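A.B. asks: Okay, here's the structure, questions in a sec.
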Amino acid sequence: MNYFKKAILGLIIFSSTTTFAQNNYEKSMQAMMKGDYKTAVTQLEKADAKTPDNAAVLKMLGYSYFQNGEYEKCIATYSRLLSVKPAEVSAYYYRGKARLNIANDPKESLNTMRENFYTAAIKDFTKAIEITGDEDTQMFQNRGLAYKDYAIFKSYKVKKSVEKVACVALFNNSIADFQKVLTMQPLRKDIIDWVTYDKAQIASLK
């Protein structure tokens with residue numbers, strides 16, 4: 001599923017059916033098609049100010065923040081979108097990716113909130129899977145990566161056997177998600193390599 005194309009389509013549809021902030025929408029769409037997400041953000045923020053809580057604008061704004069690496073703003077914007085449109089899959093998807101990126105950022109190494117970002121990312125991908133069903137490999141791949149990264153994070157602090165068990169469980173969850181991807185795309189070498197990596201990490205914890 002190409003969430004960017006769906007977002008662009010949503011903007012085109014919305015732009016053709018409203019007279020509010022028309023110029024801002026058109027400029028933001030042109031900027032996004034060129035990969036100029038900074039300009040897109042500027043135009044979409046203006047559009048958001050003129051038409052607050054508009055799902056099409058929030059979707060594009062959240063995506064533009066994500067592409068700019070402004071993950072906190074991305075999370076806040078997609079959270080707003082979900083309050084307007086609770087079943088918007090792309091919001092869970094990109095909010096989950098933004099949360100995972102924050103959790104994995106080396107600058108966050110001393111941040112006590114890292115664990116919360118990992119668990120929140122996993123919840124976002126899980127919710128997206130509940131909505132889309134078992135056919136979306138992107139969701140399983142990203143949740144598998146989130147489980148893997150969370151397990152690695154927790155493994156650094158392992159001191160007791162119960163903590164090892166928790167890490168192993170996370171790695172196994174990661175493997176399970178990757179295996180679901182492989183049932184649909186069996187030749188994915190990157191996924192096969194991640195399964196091998198997870199199994200090696202489990203072996204190291206025993």
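A.B. asks: Connecting C-alpha atoms closer than 10 Å in a GNM of the chain, tell me which of 99, 143, 114 has the biggest fluctuation.
C.D. replies: Of the options given, 114 has the highest mean-square fluctuation.
A.B. asks: Here's something else I'd like to know. Under a GNM of the chain (C-alpha, springs under 10 Å), which listed residue has the highest mean-square fluctuation: 124, 36, 177?
C.D. replies: Largest GNM mean-square fluctuation: 36.
A.B. asks: Just need the relative contact order of segment 92-206 here, percent rounded to a whole number, with Cα pairs under 8 Å and 6+ apart.
C.D. replies: The normalised contact order for segment 92-206 reaches 22 percent.
A.B. asks: Can you give the local net charge around residue 171? Use residues other than it whose beta-carbon is closer than 14 angstrom to its beta-carbon, Lys and Arg +1, Asp and Glu -1.
C.D. replies: Values: positive: 143, 148, 154, 164, 199, 206; negative: 149, 163, 177, 198.
Charge balance in the 14 Å sphere: +2.
A.B. asks: For the chain, find the longest principal axis of its Cα atoms and tell me its angle to the long axis of helix 161-184, 0 to 90°, nearest 10.
C.D. replies: Value to nearest ten degrees: 60.
A.B. asks: If you don't mind, another one. So, R0 is 45 Å and r is the distance between the beta-carbons of residue 159 and residue 50; what FRET efficiency does that work out to, to 0.05?
C.D. replies: Efficiency, from the Cβ-Cβ distance: 0.25.
A.B. asks: Also, I was wondering about something else. In what sequence, highest mean first, do 158-169, 42-53 appear when ranked by Cβ atoms within 10 angstrom?
C.D. replies: 42-53, 158-169
A.B. asks: How far, in degrees from 0 to 90, does helix 114-132 lean away from the longest principal axis of the Cα atoms of the chain, to the nearest 10?
C.D. replies: 70
A.B. asks: Roughly how many percent of the accessible protein surface of segment 22-159 is carbon and sulfur, given a 1.4 Å probe and a whole-percent answer?
C.D. replies: Carbon-and-sulfur percentage of accessible area, whole number: 49.
A.B. asks: What length, rounded to one decimal in nm, is gained on full extension from residue 204 through to residue 111, with 0.36 nm per residue of separation minus their alpha-carbon distance?
C.D. replies: 30.9 nm
A.B. asks: Follow-up question, since we're still on this one. For the chain, what does the accessible surface come to per residue with a 1.4 Å probe? Please give it in Å².
C.D. replies: 51
A.B. asks: Now for a separate question. Add -39500 (n - 2.57) for each DSSP H run of 4 or more in the chain, then divide by its residues: what number comes out at 222 nm, to the nearest 500 deg cm²/dmol?
C.D. replies: That comes out to -26000 deg cm²/dmol.
A.B. asks: Going by alpha carbons, how many degrees (0 to 90, nearest 10) lie between the helix axis of 22-33 and the longest principal axis of the chain?
C.D. replies: Between helix and principal axis, roughly 40 degrees.
The values are calculated or read from the model by the stated rules, or taken from the named source; none is laboratory data. Source: prediction; values computed, not measured. In this analysis, Cβ positions are derived from the backbone assuming ideal geometry, glycine residues included, and neighbour counts consider all displayed protein chains. With ligands, DNA and RNA removed, areas are computed over all heavy atoms of the protein, side chains included. Shrake-Rupley method; radii C 1.70, N 1.55, O 1.52, S 1.80 Å.
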